[in-house]
Amino acid sequence: MARPCLVYDGVCNLCVGAVRLLNAIDHGRAIEYAPYQSLGPAVRRKYALSDRDLQGRMHIVERNGAVLKGAAALAKVCRLLAPFTVVCSFLDTPLAERLYDFIARRRYRIFGCRESCYIPS
């Protein structure tokens, strides 16, 4: 894997909005983006990504094969894309993880979902 890959829910409006923003500021193309809906069974097995986990959280698969999820994945993305150390530091806290979980469980209800999967160009 040449770059870390952010795995997101391609039908979630919140997730798609976040990926669009990240892709727009990722001028150096430091990250690949993949909706979990496009991951084949072999990739899911290789990184131990269950449907339940993928539906509930963003994940980042690092170059070395390590997988971070939820707020920790967003903290990693923050470190890769921006010098916002305060934001990165907050995302590595238990409070951020609880907030992430709270929003993730309600994301379709709050933000809605798309009829088709979004894949960045």
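The values are calculated or read from the model by the stated rules, or taken from the named source; none is laboratory data. Everything quoted here is computed from the prediction, not taken from an experiment. Here the Cβ is made from the backbone with ideal geometry for all residues, glycine too, and neighbour counts use every protein chain on show.
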### Task
Run down Ile110, Ile25, Ile119 and say which single residue is in contact with a strand residue (DSSP E or B) (Cβ under 8 Å, 6 or more places away or on another chain) and on the phi < 0 side of the Ramachandran plot.
Ile119
### Query
In the range 12-43, which residues are of a type outside the set (D, E, K, R) and touching a Pro at 6+ places or on another chain (Cβ under 8 Å)?
Val19, Asn23, Ala30, Ile31, Tyr33
### Query
Filter the range 65-101 for residues that are of a type in the set (D, E, K, R) and in contact with a Cys (Cβ under 9 Å, 6 or more places away or on another chain); which is surrounded by the most Cβ atoms within 10 Å (Cβ to Cβ)?
Lys76
### Query
For the range 19-51, how many residues are buried (at least 18 other Cβ atoms within 10 Å of the Cβ), of a type in the set (A, V, I, L, M, F, W, C) and closer than 19 Å to Leu74 by Cα?
5
### Task
Select, from Leu80, Leu54, Leu68, the only residue that is assigned to a strand (DSSP E or B) and of a type outside the set (Gly, Ala, Ser).
Leu68
### Subset of the range 27-51 (residues that are within 24 Å of Arg98 (Cβ to Cβ) and either part of a helix (DSSP H, G or I) or at pLDDT 95 or above (or both))
Tyr36, Asp51
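When the residues of the range 62-86 are filtered to those that are β-branched (Val, Ile, Thr) and under 19 Å from Ala104 (Cα atoms), which remaining residue is farthest from the chain's Cα centre (by Cα)? Explain how you work it out, then say what you get.
Residues of the range 62-86 β-branched (Val, Ile, Thr): 67, 77, 85-86.
Remaining after also requiring under 19 Å from Ala104 (Cα atoms): 67, 77.
Values: Val67: 11, Val77: 8 Å.
Checking each candidate, the answer is Val67.
If I ask for residues that are more than 24 Å from Leu39 (Cβ to Cβ), assigned to a helix (DSSP H, G or I) and charged (D, E, K, R), which ones from the range 83-105 would you list? Spell out how you get there, then give the answer.
At the first step, the residues of the range 83-105 found to be more than 24 Å from Leu39 (Cβ to Cβ) are 83-90, 92-96, 98-99, 102.
Subset that is assigned to a helix (DSSP H, G or I): 85-90, 94-96, 98-99, 102.
The answer is Arg98, and nothing else.
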